[in-house]
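The values are calculated or read from the model by the stated rules, or taken from the named source; none is laboratory data. Computed from a predicted structure; not experimentally measured. A quick note on method: Cβ atoms are made from the backbone with ideal geometry, for glycine too, and the neighbour counts reach across all protein chains shown.
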Amino acid sequence: MTNVLKTKCSRSRRRLGPEHRCPVPAASFCEYEDTKPRKTPTWFALDESRPLFAFAGMWCTWARTRGTKGDPVEGEHQLYSFLTCEPNAIFGPIHPKAMPVILTTAEEMDLWMRAEWSEAATLQRPLQDDVLQIVAKGERKDPAE
């Protein structure tokens with residue numbers, strides 16, 4: 001599966017029930033800004049301390065061949081994707097197509113895991129602009145040991 005923005009298509013609709021949802025914990029995540037001559041890694045988090053949040057994840061079992069033609073992998077595979085939405089003003093300049101749905105409270109996570117799609121769909125919205133921050137940009141440079 002790929003990231004899911006369009007929930008009305010038949011491929012996505014089959015996997016919108018609570019039995020196919022999962023929280024994907026994270027403290028920050030990276031998206032590459034399309035800069036020249038090289039793309040620039042841009043790290044996002046809820047704030048500089050990088051508190052825990054979860055992406056609205058979806059999973060399924062897929063029974064086909066994965067991998068490359070030279071190295072195929074047969075069998076059942078557990079796949080997951082993120083639910084996405086329109087980007088907010090912080091994320092949009094870096095990735096204008098979509099941003100991941102981010103769950104920040106226990107109530108949102110419970111809703112994502114238990115509710116019918118008609119109710120859980122309310123979570124498919126961008127975070128408010130003041131909730132997501134850019135916490136790092138550019139190549140990572142660790143101090144010498």
Practice problem: Would you check if there is a residue in segment 63-74 being under 18 Å from the mean Cα position of the chain (by Cα), assigned to a strand (DSSP E or B) and surrounded by 11 or more Cβ atoms within 10 Å (Cβ to Cβ)? | Solution: no
Quiz item: Among (1) at pLDDT below 95; (2) in contact with a Phe, Trp or Tyr (Cβ under 6 Å, 6 or more places away or on another chain), which single condition is Thr61 missing?
Solution: (2)
Exercise. Determine the pairs where a residue that is closer than 15 Å to Gln133 by Cβ and without any contact (Cβ under 8 Å) to a residue 40 or more places away in the chain, located within segment 22-34, has a partner that is of a type in the set (A, V, I, L, M) and not in a strand (DSSP E or B) with Cβ atoms under 6 Å apart, the partner being 6 or more residues away or on another chain.
Key: Ala27/Leu52
Practice problem: Quick one: Glu76 ticks every box in (1) on the phi > 0 side of the Ramachandran plot; (2) charged (D, E, K, R); (3) in contact with a strand residue (DSSP E or B) (Cβ under 6 Å, 6 or more places away or on another chain) except a single one, so which number is it? | Solution: (1)
Quiz item: Within the set of pairs 6+ apart or on separate chains, which have a first residue in segment 57-82 that is over 15 Å from His20 (Cβ atoms) and free of Cβ contacts under 8 Å to residues at least 12 places away in the same chain, a second that is surrounded by 10 or more Cβ atoms within 10 Å (Cβ to Cβ) and charged (D, E, K, R), and C-beta atoms under 6 Å apart?
Solution: Thr65/Glu74; Val73/Arg66
Practice problem: Select from segment 75-105 the residues that are surrounded by 15 or more Cβ atoms within 10 Å (Cβ to Cβ) and touching a Ser or Thr at 6+ places or on another chain (Cβ under 8 Å) and write down the one among them that is farthest from Leu123 (Cα to Cα). | Solution: Ile94
